[in-house]
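> Input: one structure, supplied below.
Here, each number is a calculation from the coordinates, and none is a lab measurement. Everything quoted here is computed from the prediction, not taken from an experiment. We place every Cβ from the backbone using ideal geometry, glycine too, and count neighbours over all the protein chains shown.
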Amino acid sequence: MSENPTPPIPHGIDRTLEILAKGAVDTEHGLMRWSSNYTFLVSVSYEDQSLPAIYKPQRGERPLWDFPDGMLCNRELAAYLTSERLGWRIVPPTVVRDGPRGLGSLQCFIDHDPELNYFTFDESTFPQTKRICAFDYMVNNADRKGGHCLLDSEGHVWGIDHGITFHSSPKLRTVIWEFADQPIPAAMIDDMRHLCALLEDPRSDYHQALNGLLTGREIAAFHNRIRHLLKAGTFPSPGPGGPNYPWPPV
């Protein structure tokens, strides 16, 4: 897989996942502003450690005409698993579990400067935002706003809010079009081929995990998008049907 050093997570990836999965959601700090669904900042504690997390309860999901009800949290987890299998570390550690407001996704909160977003990043982030660009096409992200790209204190770019992904019909709406039609770096191509192979093996843990989160039609469409990107060898360009940008863009 392409070189992508592990970004700073206070307790490490494995321990963070353990805290998220087994810990007590013991403090609810309130709703996150500007979220279209009910999204809470919480504290999760397990044994002698705690961390802040974003909790999105299933019953707080706003119904959408084109996505099945109560399934957005599953897509958050599917996006995290995909990010990890690629080795790109785009999506913060995420689990789906029961919480104080019912079943939902629980994701490690990334400490960041809220004044910074995709539109303020400079060219030093291009290797990372190129990965996000390809990732969003593969998972069919319908809502990649500039504010969904977070820059942490070590310069790592994270992508958040993946509830409306993996639709079987084309839905890509993103602000990241700077790389349209440019060649995809060889290391990224290798990572994508590895992901494709995992999808083609029904015995792989990754394939089996997706089967529990998405429909067969959605997985097949996901597989086709990866193969299309591999065949093209270039970053996607805006489609003629539109809309190609989310609103608002930040």
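> In the neighborhood of residue 169, defined by Cβ-to-Cβ distances under 14 Å, what is the net charge if each Lys or Arg adds +1 and each Asp or Glu adds -1?
Summing Lys/Arg as +1 and Asp/Glu as -1 gives +2.
> Give the shape of segment 94-191 as rounded, prolate or oblate, defined through the alpha-carbon gyration tensor: a ≥ b ≥ c are the square roots of its eigenvalues, a/c under 1.5 means rounded, and otherwise the shape is prolate if a/b is larger than b/c and oblate if not.
Verdict is oblate for segment 94-191.
> If you average the sequence gap of Cα pairs under 8 Å that are 6 or more apart and divide by the length of segment 88-188, what percent do you get for the contact order?
For segment 88-188, the relative contact order is 28 percent.
> In percent, what relative contact order does the chain have, based on Cα pairs under 8 Å that are 6 or more apart in sequence?
This gives 19 percent for the chain.
> Right, next: Let me check I've understood the local charge: for residue 13, count other residues with C-beta under 13 angstrom from its C-beta, Lys and Arg +1, Asp and Glu -1. What total comes out?
Its environment carries a net charge of -1.
> Could you give the radius of gyration (one decimal) and Dmax (whole number) of the Cα atoms in segment 13-232, in Å?
In Å, with Rg to one decimal and Dmax whole: 16.9, 49.
> If we count other beta carbons within 10 Å of each Cβ, what is the order of 196, 73, 133, fewest first?
The fewest-first ordering by Cβ neighbours comes to 196, 133, 73.
> Can I ask one more? Each residue of segment 212-217 in turn: what ³J(HN,Hα) in whole Hz from Karplus with 6.51, -1.76, 1.60 and θ = phi - 60°, glycine and Pro shown as x?
With coefficients 6.51, -1.76 and 1.60, one gets x, 10, 10, 7, x, 5 Hz.
> Give me, ordered by chain and number, the residues 5 or more places off residue 109 or on other chains with an amide H under 5 Å from its own placed amide H.
53, 54
> Compute the long axis of helix 72-86 from its Cα atoms, compare it with the longest principal axis of the Cα atoms of the chain, and write down the angle in degrees, 0 to 90, nearest 10.
60
> Applying the Karplus parametrisation 6.51 cos²θ - 1.76 cosθ + 1.60 with θ = phi - 60° to the phi angles of segment 144-159, what ³J(HN,Hα) value in whole Hz is obtained for each residue in order, glycine and proline being reported as x?
8, 7, x, x, 8, 10, 10, 9, 7, 5, 9, x, 7, 9, 10, x
> Roughly how large, in nm² to one decimal, is the mean projection of the convex hull of the alpha-carbon atoms in segment 111-250?
About 8.9 nm², averaged over all directions.
> While we're looking at this one, here's another question. Quick one: order 38, 118, 137 by neighbouring beta-carbon count within 10 Å, fewest to most.
Sorted ascending by nearby Cβ count, the order is 38, 137, 118.
> Okay, moving on. What are the ³J(HN,Hα) values, in whole Hz, obtained from phi via the Karplus relation 6.51 cos²θ - 1.76 cosθ + 1.60 with θ = phi - 60°, for each residue of segment 239-248 in sequence order, with x given for Gly and Pro?
Once rounded to whole Hz, the list reads x, x, x, x, x, 9, 10, x, 9, x.
> Got a sec? How would 154, 61, 178, 18 order by Cβ neighbour count within 10 Å, fewest to most?
The most exposed by this proxy come first: 154, 178, 18, 61.
> Using the Cα gyration tensor of segment 80-141, with a ≥ b ≥ c the square roots of its eigenvalues, what is the shape: rounded (a/c below 1.5), prolate (a/b larger than b/c) or oblate (neither)?
oblate
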